[in-house]
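A.B. asks: Starting off with a structure, shown below.
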Ligand SMILES: [Zn+2]
């Protein structure tokens, strides 16, 4: 997206510069510094920060920073939430798979930033439920838990975290042998679930501090690692000791339906199973990379929370999961009207531990050699 020529730089893009903050700046903190011509965006105005001597351009604030061709983000967004895979998208848009992945990477950071800002305005007035949603990455030898935190009444998707598990259940002798072979190369962390829920607990503690509910009930199934993980987080264990958070767990085998305390997470499980191509049962579109899967989930979460109607049978009601959770939808709709235009900066966002993991691609993909590639423009 090409930004307007009348554009005024809102701040210096260098994270360590004193002018790197949003809000009012002193007059003349930058000066114009010529322009450069690009094949894709035409003439691009350059600026020079008088405080740190770094130069930047209008493109530094665009989601298309460093991009070399224009791709319709809305097309990707529309298809991605309707069970379309990366290769399908590449064929439909007649671009390479790499270009599709790159645009999804950018859209995911925009969606994460928007979710993060919306979270700052939220005052939780409902109980919460969390659970591990099971899927697998690469092959069935690497199942995972996507730990999700959902609002009991609004079904607002508050947070997620990820952990890879060791394959369990009935296996043939050959499968057991192959699993032990894989274990030598890549054995998932035994405490993975506990660590993941502990990161999620940080988000729960943060939400609880801004909640009007006292006490706030936290529902989960009776997984043995959950109580340990919640107490492992210092902030949440303090809130539990003060009686401001009460953890209730029930058997996951209870009959599904609205009467089940886990209804909201079961509802979210169903949504993911039908809308995310990687989670469709018996699919061949298995996610190959954990970080790319989490990027796609960030975009889906943004759609689920703020764009999709609360119930698809009443699309004109104007009610979304976000409006029920108490988000200021006037402000949010303003933001959504300009979606996928501006580049978000991690340094200006209050990212939680799990969100930092997604933004900076800190989650490991099983059997992947080397670290995850993180473009320079995503580090700021
Ligand atoms: Zn500067």
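The values are calculated or read from the model by the stated rules, or taken from the named source; none is laboratory data. All of these numbers come straight from a predicted model, not from anything done at the bench. Cβ atoms come from the backbone with ideal geometry, glycine included; neighbour counts cover every protein chain shown.
For (1) touching a helix residue (DSSP H, G or I) at 6+ places or on another chain (Cβ under 6 Å); (2) part of a loop (DSSP other than H, G, I, E, B), each residue gets a yes or a no:
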{"site": "302", "(1), (2)": "yes, no"}
{"site": "311", "(1), (2)": "no, yes"}
{"site": "316", "(1), (2)": "no, no"}
{"site": "324", "(1), (2)": "no, no"}
{"site": "327", "(1), (2)": "yes, yes"}
{"site": "334", "(1), (2)": "no, no"}
{"site": "339", "(1), (2)": "no, yes"}
{"site": "344", "(1), (2)": "yes, yes"}
{"site": "347", "(1), (2)": "no, no"}
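A.B. asks: Can you tell me which residue in the range 255-284 is farthest from residue 300 (Cα to Cα), limited to those that are touching a residue at least 24 places away in the same chain (Cβ under 8 Å) and in a loop (DSSP other than H, G, I, E, B)?
C.D. replies: 261
A.B. asks: Given the structure, is residue 38 under 30 Å from residue 308 (Cβ atoms), at pLDDT below 95 and not assigned by TED's automatic domain parsing to the domain that holds residue 276? Outline the logic, then answer.
C.D. replies: Values: under 30 Å from residue 308 (Cβ atoms): no; at pLDDT below 95: yes; not assigned by TED's automatic domain parsing to the domain that holds residue 276: yes.
Taking the combined requirement at face value, the residue does not satisfy it.
A.B. asks: Among (1) within 22 Å of the chain's Cα centre (by Cα); (2) closer than 28 Å to residue 116 by Cα, which single condition is residue 285 missing?
C.D. replies: (2)
A.B. asks: Continuing with this model, one more query. Sort out which residues of the range 247-268 are over 16 Å from the mean Cα position of the chain (by Cα) and modelled with pLDDT of 90 or more, and write them in order of number. Write out each step before concluding.
C.D. replies: Start the filter on the range 247-268 by keeping residues that are over 16 Å from the mean Cα position of the chain (by Cα), which leaves 247-267.
247, 248, 263, 264, 265, 266, 267 - these are the residues of the range 247-268 that are over 16 Å from the mean Cα position of the chain (by Cα) and modelled with pLDDT of 90 or more.
A.B. asks: Go through the range 195-222 and give me each residue that's in a loop (DSSP other than H, G, I, E, B) and touching a residue at least 40 places away in the same chain (Cβ under 8 Å).
C.D. replies: So the first thing to find is which residues in the range 195-222 are in a loop (DSSP other than H, G, I, E, B), and the list is 210-215, 222.
Within the range 195-222, 210, 211, 212, 213 qualify.
A.B. asks: For residue 168, indicate whether it is in contact with a helix residue (DSSP H, G or I) (Cβ under 9 Å, 6 or more places away or on another chain), in the same structural domain as residue 320 (by TED's automatic domain parsing) and not in a strand (DSSP E or B). Before the answer, list the steps.
C.D. replies: Values: in contact with a helix residue (DSSP H, G or I) (Cβ under 9 Å, 6 or more places away or on another chain): no; in the same structural domain as residue 320 (by TED's automatic domain parsing): yes; not in a strand (DSSP E or B): yes.
No; evaluated as a whole, the condition is false for this residue.
A.B. asks: Kindly list the number of the only condition in (1) within 12 Å of the ligand (Cβ to nearest atom); (2) closer than 18 Å to residue 347 by Cα that fails for residue 23.
C.D. replies: So the condition that residue 23 fails would be (1).
A.B. asks: If you take the residues of the range 106-141 that are out of contact with any helix residue (DSSP H, G or I) (no Cβ under 8 Å at 6 or more places or on another chain) and under 13 Å from residue 162 (Cβ atoms), which of them is surrounded by the most Cβ atoms within 10 Å (Cβ to Cβ)?
C.D. replies: 136
A.B. asks: Only residues in the range 28-42 that are on the phi > 0 side of the Ramachandran plot count as the first member; pair them with residues that are in a strand (DSSP E or B), Cβ under 6 angstrom, at least 6 apart or cross-chain, and list the lot.
C.D. replies: Hits for this filter: 34/46.
A.B. asks: State all residues of the range 28-50 that are more than 15 Å from the ligand (Cβ to nearest atom), more than 18 Å from residue 343 (Cβ to Cβ) and not in a strand (DSSP E or B); if no residue qualifies, say none.
C.D. replies: 39
A.B. asks: Of all residues in the range 1-13, how many are within 16 Å of the ligand (Cβ to nearest atom) and either more than 16 Å from residue 345 (Cβ to Cβ) or in contact with a strand residue (DSSP E or B) (Cβ under 7 Å, 6 or more places away or on another chain) (or both)?
C.D. replies: Pass one, the range 1-13, residues within 16 Å of the ligand (Cβ to nearest atom): 8-13.
Now drop any that are not either more than 16 Å from residue 345 (Cβ to Cβ) or in contact with a strand residue (DSSP E or B) (Cβ under 7 Å, 6 or more places away or on another chain) (or both), which leaves 8-9, 12-13.
Count: 4.
A.B. asks: Return the residues of the range 177-194 that are touching a residue at least 40 places away in the same chain (Cβ under 8 Å) and either farther than 27 Å from residue 147 by Cβ or outside any helix (DSSP H, G or I) (or both); say none if nothing qualifies.
C.D. replies: 186, 188 - these are the residues of the range 177-194 that are touching a residue at least 40 places away in the same chain (Cβ under 8 Å) and either farther than 27 Å from residue 147 by Cβ or outside any helix (DSSP H, G or I) (or both).
A.B. asks: Among what's in the range 51-77 and is free of Cβ contacts under 8 Å to residues at least 60 places away in the same chain, surrounded by fewer than 15 Cβ atoms within 10 Å (Cβ to Cβ) and within 28 Å of residue 95 (Cα to Cα), pick the residue that is nearest to the ligand (Cβ to nearest atom).
C.D. replies: 68
A.B. asks: Looking only at the range 297-316, count every residue that is within 16 Å of residue 357 (Cα to Cα) and surrounded by fewer than 20 Cβ atoms within 10 Å (Cβ to Cβ) and tell me the total.
C.D. replies: Number of matching residues: 0.
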